[in-house]
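The values are calculated or read from the model by the stated rules, or taken from the named source; none is laboratory data. Remember, predicted model here, so these are calculated numbers, not experimental data. Ideal geometry is used to build each Cβ from the backbone, glycine not excepted, and the neighbour counts take in all protein chains shown. What goes into the accessible areas is simple: the full protein's heavy atoms, side chains included, and nothing from ligands, DNA or RNA. Shrake-Rupley method; radii C 1.70, N 1.55, O 1.52, S 1.80 Å.
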Amino acid sequence: MSAHPAGLRPAHPPAVAFFDVDETLISVNSMSGFLRHHVRASGRPLSVFDEAVRGLRALAQGGAPRADVARAYYRLYEGSDDRELAAQGRAWFAAELRSGALFLTESVAALREHRRRGDTVVLVSGSFAPCLDPIAEQVGADAVFCARPETVGGVHTGRLGAAMIGEEKAHAVRTLLRERGIPRGRCHAYGDHATDLEMLRAVGHPVVVGADPVLVRHAEAGEWRRLPGAPPR
């Protein structure tokens, strides 16, 4: 699945539906779930995962921007082989799919309706290809805009290029619409977190998934559509 819009299929008249993924389209946090799977698949004790999560939470609770927390997350994959991560991602996805509760029913129904109408469907997420490619294939997304960890010779350096969080999501959306000449009024975007706000504002039809208080305030003020989110875990 391409992380770039080159392969997007045209819609007549053109319209695009942008979906955040974690807790918008799926019920779990793919980054956390995949890290746990990666640690176990690499033969390391789960205490390594627990320590990593404590470090990431400490950053977030200390007020670090979400993009900085993402950079710390992707540093955990330094030295990992890209092909091995891709294989682990498919194994993680298969296990989550077997649980029977991975996808949010109403969000997937909305995505399928966009596909039925011929709209282009794009996933926009701060997660990365090992997690997102199998999800995109499962739902029939046309493209994925996601975090891009740096690799050299197929090996992760631990550095992060695009984080695809907050304004980066909105910029990706606006750039695609401008390059394709697609009116924002023809487009939808779905998000569950306050950091999705700018992406939602970039389209004519924002949809709030779940009960994030920042997004709910904007939904009520702007009469945006709302969908139920993931149940508490």
With (1) part of a loop (DSSP other than H, G, I, E, B); (2) over 24 Å from Ala163 (Cα atoms) as the list, and Val108 as the residue in question, which single condition is left unmet? (1)
Candidates Ala141, Ala219, filtered to the one that is of a type in the set (A, V, I, L, M), more than 15 Å from Phe19 (Cβ to Cβ) and out of contact with any Pro (no Cβ under 6 Å at 6 or more places or on another chain): Ala219
Please go through (1) part of a loop (DSSP other than H, G, I, E, B); (2) small (Gly, Ala, Ser); (3) in contact with a Leu (Cβ under 8 Å, 6 or more places away or on another chain) for Ala211 and return the number of the only condition it doesn't satisfy. (3)
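Here's the yes/no breakdown for (1) within 17 Å of the chain's Cα centre (by Cα); (2) closer than 20 Å to Asn29 by Cβ; (3) among the charged types (D, E, K, R):
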| site | (1), (2), (3) |
| --- | --- |
| Arg180 | no, no, yes |
| Tyr190 | yes, yes, no |
| Thr195 | yes, yes, no |
| Glu198 | yes, no, yes |
| Val203 | no, no, no |
| Pro206 | yes, no, no |
| Gly210 | yes, yes, no |
| Pro213 | no, yes, no |
| Ala219 | no, no, no |
Scan (1) touching a residue at least 12 places away in the same chain (Cβ under 8 Å); (2) of a type in the set (A, V, I, L, M, F, W, C); (3) open to solvent by 10 Å² or more (accessible area, probe 1.4 Å) for the single condition Ala109 breaks and write down its number. (1)
With the checklist (1) assigned to a helix (DSSP H, G or I); (2) under 28 Å from Tyr190 (Cα atoms); (3) open to solvent by less than 20 Å² (accessible area, probe 1.4 Å) in hand, flag the one item Val39 doesn't pass. (2)
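If you check Pro206 against the conditions, is it open to solvent by less than 20 Å² (accessible area, probe 1.4 Å) and not basic (Lys, Arg)?
On the way: open to solvent by less than 20 Å² (accessible area, probe 1.4 Å): yes; not basic (Lys, Arg): yes.
Taking the combined requirement at face value, the residue satisfies it.
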